[in-house]
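A.B. asks: The structure that follows is given in the form of structure tokens.
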Amino acid sequence: MDIGYADVNGLHMYYETHGDEGTPLVLLHGGVMTVDLTWADLIPTLAKSHRVVAVEFQAHGHTADIDRDLTYANLAGDVVGLLDHLGIDRAHVMGHSMGGAVTLELAVHHPERVLSVVPVSASVRPEGAHPDLSDPAAFATSTRMPTEQDFADMAAAYARTSPHPERFDDLPGRSMTSMNGWTGWTDEQLAGVTAPTLVVVGDHDFTTTAHAALMQELIPGSQLAVLPGTTHMQAPRRADLLLPMLATFLT
């Protein structure tokens, strides 16, 4: 593994590279997460056949915050800046949750930079989220919410990696600024996506399976994978299911 920082858009952004052969594959983590928490189960295998570049977004992991909202457009612009920094013209992009939305933003607004896209546990409209997410009364009993161990792992990772570990309590709110005013992408924008697309969702995810099916309908030629017995937090960790699919899709 090699680590580095790219100065893009006023951001000193952390990234890791794994493997040096094969087509580039960019990995984008979810909100309040890190490279390791999201992708540790997949990177060793993916790096055997790809040049894997794993990013940590603004305010996440090793990357410090700046005075800017974490909009999907801003975060996608950072990824484009990193590709320029690394001299990569086009890459496969796989993202989870917030990173999945950034993956879709790249497919819609930066199609010339993506070879294919794999949005995991993402949606194309705010209404794609399961009702449990907007009902505090359901948090304690919902099978879709992160567990106490998940939250403990997030806090430990942030304490270990962040330049400002004392800001962890602010991070969920910072991450949610990605949703401020976000209305999603129009049918026309999604119909214009040209990159091969594999939509991945857990059957107990934040995103409903019905919405994932809608995404498949709206994005031309896209494929859909519903991971059985899988929550939002588990989705990028299902190496047993994801790695065989990715081996086929990414080639």
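The values are calculated or read from the model by the stated rules, or taken from the named source; none is laboratory data. In this text the structure is predicted, and so the values were computed from the model without any measurement. Neighbour counts run over all protein chains shown; Cβ positions are idealised from the backbone, glycine included.
A.B. asks: I'd like to verify a number: residues in the range 203-232 that are closer than 18 Å to V108 by Cα and without any contact (Cβ under 8 Å) to a residue 12 or more places away in the chain, how many?
C.D. replies: Looking only at that region, the number is 1.
Conditions (1) hydrophobic (A, V, I, L, M, F, W, C); (2) modelled with pLDDT under 95; (3) at positive phi, marked per residue:
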site	(1), (2), (3)
P196	no, no, no
F206	yes, yes, no
A212	yes, no, no
Q216	no, no, no
I219	yes, no, no
P228	no, no, no
Q234	no, no, no
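A.B. asks: On to the next question. For the range 25-67, give me the residue count where each residue is part of a strand (DSSP E or B) and over 20 Å from D7 (Cβ atoms).
C.D. replies: So the count comes out to 4.
A.B. asks: Please find, within the range 177-205, the residue that is surrounded by the fewest Cβ atoms within 10 Å (Cβ to Cβ) out of those that are among the aliphatic types (A, V, I, L, M), within 19 Å of the chain's Cα centre (by Cα) and not in a loop (DSSP other than H, G, I, E, B).
C.D. replies: Checking each candidate, the answer is M179.
A.B. asks: Here's another thing I want to ask about it. Considering only residues of the range 227-251 that are under 17 Å from the mean Cα position of the chain (by Cα) and charged (D, E, K, R), which is nearest to V26 (Cα to Cα)?
C.D. replies: By that ranking, first place goes to R237.
A.B. asks: Moving on. Residue by residue through the range 166-197, note down the ones that are of a type in the set (A, V, I, L, M) and closer than 22 Å to M33 by Cα.
C.D. replies: Listed by number, the residues that qualify are L171, M176, M179.
Conditions tested, residue by residue: (1) surrounded by fewer than 16 Cβ atoms within 10 Å (Cβ to Cβ); (2) in contact (Cβ under 8 Å) with a residue 24 or more places away in the chain; (3) acidic (D, E).
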{"residue": "I66", "(1), (2), (3)": "yes, yes, no"}
{"residue": "N74", "(1), (2), (3)": "no, yes, no"}
{"residue": "V79", "(1), (2), (3)": "no, yes, no"}
{"residue": "D89", "(1), (2), (3)": "yes, yes, yes"}
{"residue": "H92", "(1), (2), (3)": "no, yes, no"}
{"residue": "G95", "(1), (2), (3)": "no, yes, no"}
{"residue": "M98", "(1), (2), (3)": "no, yes, no"}
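A.B. asks: Mind listing whichever residues of the range 154-176 are assigned to a helix (DSSP H, G or I), surrounded by 17 or more Cβ atoms within 10 Å (Cβ to Cβ) and not basic (K, R)?
C.D. replies: The answer is M154, A157, Y158, T161, L171, S175.
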